[in-house]
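**Q** Can you keep this structure in mind? I'll have questions shortly.
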Amino acid sequence: MKKIPSFCLLILLSATLQAQDLYRMPEDRQSRMSSFENLNGAKGAGGQTNKRAKGSAAESVRAGETKVLLDVQEGGIIQRMWITIDDRSAAMLRSLRLRMYWDGETKPAVDVPLGDFFCVGVGKPVPFQSAVFSNPEGRSFNCYIPMPFRKGARITLTNEGKTNLALLFFDIDFVSSRELPADMLYFHACWNRRRTAELGQDMELLPKVKGRGRLLGVSVGVKPDSVYGASWWGEGEVKMYMDGDGAYPTVNGTGAEDYIGTGWGEGKFYHQYQGCLVADSKDGGYSFYRFHIPDEVVFYQDIKVTIQELGGYFGPVVRDMVKRGVRLQPVTIAGPGHFIRLLDLADTARTAAMAAATGQDWVNFYRIDDYAATAYFYLDRPVSELPALAGVAERVY
């Protein structure tokens with residue numbers, strides 16, 4: 001029988017309850033949970049305040065303060081995280097900085113805004129459930145991604161905003177273990193935002209990462225620029241450059257809504273591996289996710305994941321936007337019986353094609369919108385070369 005890599009088993013076992021495994025007694029595992037009632041899950045040390053009544057369920061996090069949620073010096077696997085806070089505004093969720101460090105490293109493997117980590121790409125949290133994240137009623141955050149470590153784990157939450165957070169509740173469920181697989185990978189997550197760019201410059205969902213590993217998925221928030229009116233923003237193709245790819249990627253998708261498994265626009269839905277939690281074309285923007293669990297994306301040297309900032313609308317409207325000086329560049333025209341690749345044409349032919357576009361012609365065009373993305377991945381080392389999280393002013397702008 002072909003051996004399944006242990007890091008794949010970690011994902012599969014987290015995503016699916018398999019009855020044949022539930023009754024087997026594991027070896028070398030001690031169940032622990034870190035919370036304010038027993039930080040780090042010390043054995044026999046929980047609930048010591050208020051004469052064992054509920055005495056330390058939550059704490060405040062003042063502006064500028066950092067709370068340590070976990071700090072252990074041993075091997076193990078984080079199996080579940082749960083967090084809830086009383087202020088779930090967009091500004092607070094972007095101001096709270098979540099960091100995770102593995103094996104005593106001083107650089108975090110996870111360095112992201114709290115809300116974005118839990119798939120809040122735009123606006124406020126909404127109820128949903130996926131294979132690895134959930135928010136039962138829009139008031140709490142759950143993560144079931146397995147996060148193994150060999151020598152230690154440290155998780156912190158910092159309030160980098162100007163407003164105090166009155167209440168933070170959390171628990172981190174983990175098992176301590178000395179027997180971890182030799183091919184174990186470390187969990188990483190990074191966040192990137194881009195509010196402006198040159199036309200035709202792709203947004204990096206995951207900047208280039210070197211090493212061996214697996215892309216677990218992405219969650220993305222998009223705030224379309226109102227200058228483009230009612231036009232559609234989501235024609236951009238997701239591209240994955242891996243293992244030495246140059247100008248052209250190995251994995252090349254067909255559109256933003258296509259990437260998350262829907263089509264002809266993007267409405268609200270949430271499934272185990274793909275979903276769109278917010279779809280508000282007028283004010284709220286779009287928030288969507290895709291997790292590569294049944295369809296593994298493995299890399300052995302490096303990986304970079306991008307999405308084109310590309311939209312589309314009907315010919316006369318796009319032509320009018322061009323006349324008004326709106327920042328866009330038409331790239332294709334699709335209509336009854338024809339498909340025109342505008343960028344392959346000379347300037348005069350391109351101008352003539354756009355002038356002839358009718359209300360039945362769909363014109364795709366480069367545009368500039370506000371994108372924010374969180375990428376989740378495993379890597380064969382506890383640190384990467386990715387830069388630190390952007391400052392709070394850029395995150396909450």
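The values are calculated or read from the model by the stated rules, or taken from the named source; none is laboratory data. Computed from a predicted structure; not experimentally measured. Cβ atoms come from the backbone with ideal geometry, glycine included; neighbour counts cover every protein chain shown. Surface accessibility is based on the protein's heavy atoms, side chains included, excluding ligands, DNA and RNA. Shrake-Rupley method; radii C 1.70, N 1.55, O 1.52, S 1.80 Å.
**Q** In this structure, does Lys268 turn out to be closer than 19 Å to Tyr313 by Cα and of a type in the set (Lys, Arg)? Give the steps one after another, and end with the answer.
**A** Details: closer than 19 Å to Tyr313 by Cα: no; of a type in the set (Lys, Arg): yes.
Spelling it out, it is not the case that Lys268 is closer than 19 Å to Tyr313 by Cα and of a type in the set (Lys, Arg).
**Q** Just one of (1) of a type in the set (A, V, I, L, M); (2) within 15 Å of the chain's Cα centre (by Cα); (3) not in a loop (DSSP other than H, G, I, E, B) trips up Ile78, so point out which.
**A** If we test Ile78 against (1) of a type in the set (A, V, I, L, M); (2) within 15 Å of the chain's Cα centre (by Cα); (3) not in a loop (DSSP other than H, G, I, E, B), just (2) comes out false.
**Q** Here's a follow-up. So, Asp103, is that one within 16 Å of the chain's Cα centre (by Cα) and either among the polar types (S, T, N, Q) or at pLDDT 95 or above (or both) or not?
**A** On the way: within 16 Å of the chain's Cα centre (by Cα): no; either among the polar types (S, T, N, Q) or at pLDDT 95 or above (or both): yes.
Answer is no for this residue.
**Q** Further, regarding this structure: Just to check your reading of the model, which residue among Phe118, Phe141 is free of Cβ contacts under 8 Å to residues at least 40 places away in the same chain, aromatic (Phe, Trp, Tyr) and open to solvent by less than 20 Å² (accessible area, probe 1.4 Å)?
**A** Only one candidate qualifies: Phe118.
**Q** Does any residue of the stretch 81-90 turn out to be surrounded by 19 or more Cβ atoms within 10 Å (Cβ to Cβ), more than 22 Å from Arg29 (Cβ to Cβ), of a type outside the set (A, V, I, L, M) and under 21 Å from the mean Cα position of the chain (by Cα)? It would help to see each step written out before you state the result.
**A** So in the stretch 81-90, the residues surrounded by 19 or more Cβ atoms within 10 Å (Cβ to Cβ) come out as 81, 83, 85.
So of that shortlist, the ones also more than 22 Å from Arg29 (Cβ to Cβ) come out as 83, 85.
Those left that are additionally of a type outside the set (A, V, I, L, M): none.
Checked against the condition, which is being surrounded by 19 or more Cβ atoms within 10 Å (Cβ to Cβ), more than 22 Å from Arg29 (Cβ to Cβ), of a type outside the set (A, V, I, L, M) and under 21 Å from the mean Cα position of the chain (by Cα), the stretch 81-90 yields no hits at all.
**Q** Continuing with this model, one more query. Here is a check on your reading of the model: is Asp302 in contact with an Asp or Glu (Cβ under 7 Å, 6 or more places away or on another chain) and more than 22 Å from Thr196 (Cα to Cα)? Don't jump to the end; show me each part of the working.
**A** Details: in contact with an Asp or Glu (Cβ under 7 Å, 6 or more places away or on another chain): yes; more than 22 Å from Thr196 (Cα to Cα): yes.
Yes, satisfied.
**Q** What number of residues in the stretch 49-64 are touching a strand residue (DSSP E or B) at 6+ places or on another chain (Cβ under 7 Å), open to solvent by less than 40 Å² (accessible area, probe 1.4 Å) and in a loop (DSSP other than H, G, I, E, B)?
**A** Counting residues in the stretch 49-64 that are touching a strand residue (DSSP E or B) at 6+ places or on another chain (Cβ under 7 Å), open to solvent by less than 40 Å² (accessible area, probe 1.4 Å) and in a loop (DSSP other than H, G, I, E, B) gives 2.
**Q** Give the stretch 20-47 a look and list any residue that's under 19 Å from Leu168 (Cα atoms) and either assigned to a loop (DSSP other than H, G, I, E, B) or not hydroxyl-bearing (Ser, Thr, Tyr) (or both), or say none.
**A** Matches in the stretch 20-47: Met33, Phe36, Glu37, Asn38, Leu39, Asn40, Gly41, Gly46, Gly47.
**Q** Is it the case, given these coordinates, that Gly236 is of a type in the set (Gly, Ala, Ser), over 22 Å from Tyr378 (Cα atoms) and under 18 Å from the mean Cα position of the chain (by Cα)?
**A** Yes, satisfied.
**Q** Additional query: Being hydroxyl-bearing (Ser, Thr, Tyr) and either under 23 Å from Arg94 (Cα atoms) or in contact with a Ser or Thr (Cβ under 6 Å, 6 or more places away or on another chain) (or both): is that true of Ser177 here?
**A** Criteria not met by Ser177.
**Q** What single numbered condition from (1) in a strand (DSSP E or B); (2) open to solvent by less than 10 Å² (accessible area, probe 1.4 Å); (3) closer than 15 Å to Met100 by Cβ; (4) of a type outside the set (S, T, N, Q) fails to hold for Leu168?
**A** Every listed condition holds for Leu168 apart from (3).
**Q** Which number in (1) of a type outside the set (A, V, I, L, M); (2) in contact with a His (Cβ under 8 Å, 6 or more places away or on another chain); (3) more than 21 Å from Phe118 (Cβ to Cβ) marks the one condition that Ser130 misses?
**A** It fails just one condition, (3).
**Q** Mind telling me which of the residues Val251, Val278, Val238 ends up being more than 30 Å from Glu137 (Cα to Cα) and surrounded by fewer than 23 Cβ atoms within 10 Å (Cβ to Cβ)?
**A** Values: Val278 fails: more than 30 Å from Glu137 (Cα to Cα); Val238 fails: surrounded by fewer than 23 Cβ atoms within 10 Å (Cβ to Cβ).
Val251 is the lone residue from the list that is more than 30 Å from Glu137 (Cα to Cα) and surrounded by fewer than 23 Cβ atoms within 10 Å (Cβ to Cβ).
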